[in-house]
Every structure is written in C-alpha cells, then in structure tokens.
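The numbers here are math on the coordinates, done by the rules we state, and not lab data. As the structure is a computational prediction, the values presented were derived from the model and not from experiment. Ideal geometry is used to build each Cβ from the backbone, glycine not excepted, and the neighbour counts take in all protein chains shown.
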Amino acid sequence: MLTRKTIPPKGVLHVSLNEPMFGLERFEPSQSLSPFIEHYWAVIWDHQPRVLRETVPHPSVHLVFEPSQSQLHGIHLKRFSRWIEGSGRVLGVKFRPGGFRPFYQKDVRFLTNTIVSPLAVFGPAIAQLETIIADMSSADAAFDRIDSFLTQIGPNATEELELANRIVQVISTNRSITRVEMISENFGIGLRTLQRLFLGYVGVSPKWVIQRFRLIEAAERMRDTSQQMDFAMLALELGYSDQSHLIRDFKVMVGMTPAQYRRSLNT
C-alpha cells in the first residue's frame, strides 16, 4: 500500500491558506519509481455545484486517468483550468521534472503545451489499465495498480535524468538563482549543454523553469490573507528587477494583477 503525501500542494489558485483543498488526495510512489514520479494525485467530487479550478502548472508531465478519456499532459505553459460539476473522479501521475523521459524515449519538449492519448506512448496496455482502475472504488488501490504497471516498464534513471532533476530542485528552493548563467556556473555546465539537457528531459528551458517557480511562490505567499502584503518587497525577494516585472508576469499567468488576486482571496 502506498503512503499518503502530507506536504501541502503548491500552485493551486483561488484558494486561501485557511480553505481546504477539497477532494484532493496524494500518494508517494513506490521506492523504485521515486526517481521518476513525484506523486500520484486524485481529485474526487460529489454533488459539486459548478466551480472553476485553476493551477499554476509545475514543469512536470502528467498522466491523467478518466473513464474513456485518459490523457497525457505535457507541461502547460499557461495556467491550467477545469470546470468541476456534479460527481466524478480524476486520477493522475505527476512525473518529476525529467522523470517522463525514460518512459517516452524522446525529447520531452515534443510534448510541451500538448495533450495526447496515453496510447501513443504506452500502447493498448494503458487502455486495459484505465478500465481496471475505473472499477476500483478507492484511489489508493487504483494507484497501487498504476504503480505496478509503471514499474513493469522498467525505466532507467540515467545520470542526465538525475542531473536535470537536481537542478530543478535547486531552482525551486533557492530564490537567489535568477539567471540561467548562475545555474551554469553552480553546476559547471555550459549554457548550450544546459539548454539541451532541459529541452530533452524537462521539456522547457531553464529560464522558463526559473520564472515559473517564482510565480508559484508568489501565488503561495498571497494565500495567507491574514498577513499584510508588500508587493514591492515580494518582487525583490523573488528576484524580480522591479515590481512592475512581477505584476506583468503574474497577470499573464493568473489573469489578474497581484493586488486584484489578493483581493479576490479576501472575498
């Protein structure tokens, strides 16, 4: 049986810190798949009035299971939006940055900003898996079956995969990294080699990853509506050259300025 993941998710929009992440369950992968998969996730809703759910997507590929409409999502360059209504369940696999390459065996950049059928990568066996897990009432039992399926494929954790994942991890936690040149210097990798590594394994450029994690962090900081928000200081802490740069990037991703978004959480 897989272990539940307790670390709160990041990047969920329009939900303040005091609101629950309704219907969300997450599980850790088995140890053999941990180099490739960040976690399994499920969103379950029952008699839900029509509501829009949005996220700032991470630099990860997702394998999403729904009866007769399973999909493979490359990295979304814009925010991900979906209307939830009535009753339903979606099960997903969130691959680590670079973690899908061993399953895909091609540059992951070909999947970026696209949605394709899982059949194109996994063949007819994935359709059989979809049918089997659709009849399972519990998400954790379904994820056990998915985990076994992916384990049997036997992905190989290469040095390039481990390097790409390590670099992304540093970018996600170290706010002092604001330029691609800093990654190149810290890891002793040429800029061209770094670009090829990211496009081949992650699917996007290192510059894009830096910008995306800054926006995810900005959205997370705003969720705590009990605290006053200094947007100029926030821009400085996240490595933006000025507040207007933060406002511009945030509005492109979220659809409103940081101040407008903050007010929407309060209401």
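Numerical summary
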{"read-out": "Alpha carbon centroid spacing (whole Å) that separates region 76-100 from region 1-50", "value": "10 Å"}
{"read-out": "In Hz, Karplus ³J(HN,Hα) per residue of region 234-251 (6.51, -1.76, 1.60; θ = phi - 60°; x = Gly, Pro)", "value": "4, 4, 5, 5, 8, x, 7, 5, 7, 5, 5, 5, 4, 4, 5, 5, 5, 5"}
{"read-out": "Least to most buried among 5, 106 (fewest other Cβ within 10 Å first)", "value": "106, 5"}
{"read-out": "Likely footprinting exposure, 252, 170, fewest C-beta neighbours within 10 Å first", "value": "252, 170"}
{"read-out": "Length-normalised contact order for region 135-248 - Cα pairs under 8 Å, 6+ apart - percent", "value": "22 percent"}
{"read-out": "Projected area averaged over orientations for region 24-153, convex hull of C-alpha atoms, nm²", "value": "7.5 nm²"}
{"read-out": "In sequence order, calculated HN-Hα J values of region 178-194 (Karplus, 6.51, -1.76, 1.60; Hz; x Gly/Pro)", "value": "10, 9, 4, 4, 5, 5, 4, 6, 5, 9, x, 10, x, 4, 5, 5, 5"}
{"read-out": "Vicinal HN-Hα couplings computed from phi for region 93-107 (Karplus, 6.51 cos²θ - 1.76 cosθ + 1.60; Hz; Gly/Pro x)", "value": "10, 9, 7, 5, x, x, x, 8, 4, x, 7, 8, 6, 9, 4"}
{"read-out": "Relative contact order, percent, the chain [alpha-carbon distance under 8 Å, six or more residues apart]", "value": "21 percent"}
{"read-out": "Gyration tensor (alpha-carbon) shape descriptor, the chain, a/c threshold 1.5", "value": "oblate"}
{"read-out": "Over region 159-266: Kirkwood hydrodynamic radius from C-alpha pairwise inverse distances, Å", "value": "14.9 Å"}
{"read-out": "Greater than 22 Å apart at Cα, pairs in 207/251; 78/207; 10/251; 78/251; 5/207; 106/251", "value": "5/207; 106/251"}
{"read-out": "Amide H contacts of residue 38 (H built 1.01 Å from N, under 5 Å, at least 5 apart or other chain)", "value": "94, 95, 96"}
{"read-out": "Dipole-positive endmost among 178, 189, 211 within region 173-246 (Cβ charges, Cα centre)", "value": "189"}
{"read-out": "Sum of -39500 (n - 2.57) over DSSP H runs of 4+, divided by residues of the chain (222 nm, nearest 500)", "value": "-12000 deg cm²/dmol"}
{"read-out": "Likely footprinting exposure, 116, 90, fewest C-beta neighbours within 10 Å first", "value": "116, 90"}
{"read-out": "Gap separating the Cα centres of region 221-252 and region 109-182, nearest whole Å", "value": "31 Å"}
{"read-out": "Amide H contacts of residue 225 (H built 1.01 Å from N, under 5 Å, at least 5 apart or other chain)", "value": "17, 18"}
{"read-out": "Relative contact order (%) - criterion: Cα under 8 Å, at least six apart; region: region 54-114", "value": "41 percent"}
{"read-out": "Lys/Arg +1, Asp/Glu -1 at C-beta; the chain dipole; positive extreme among 64, 199, 255", "value": "255"}
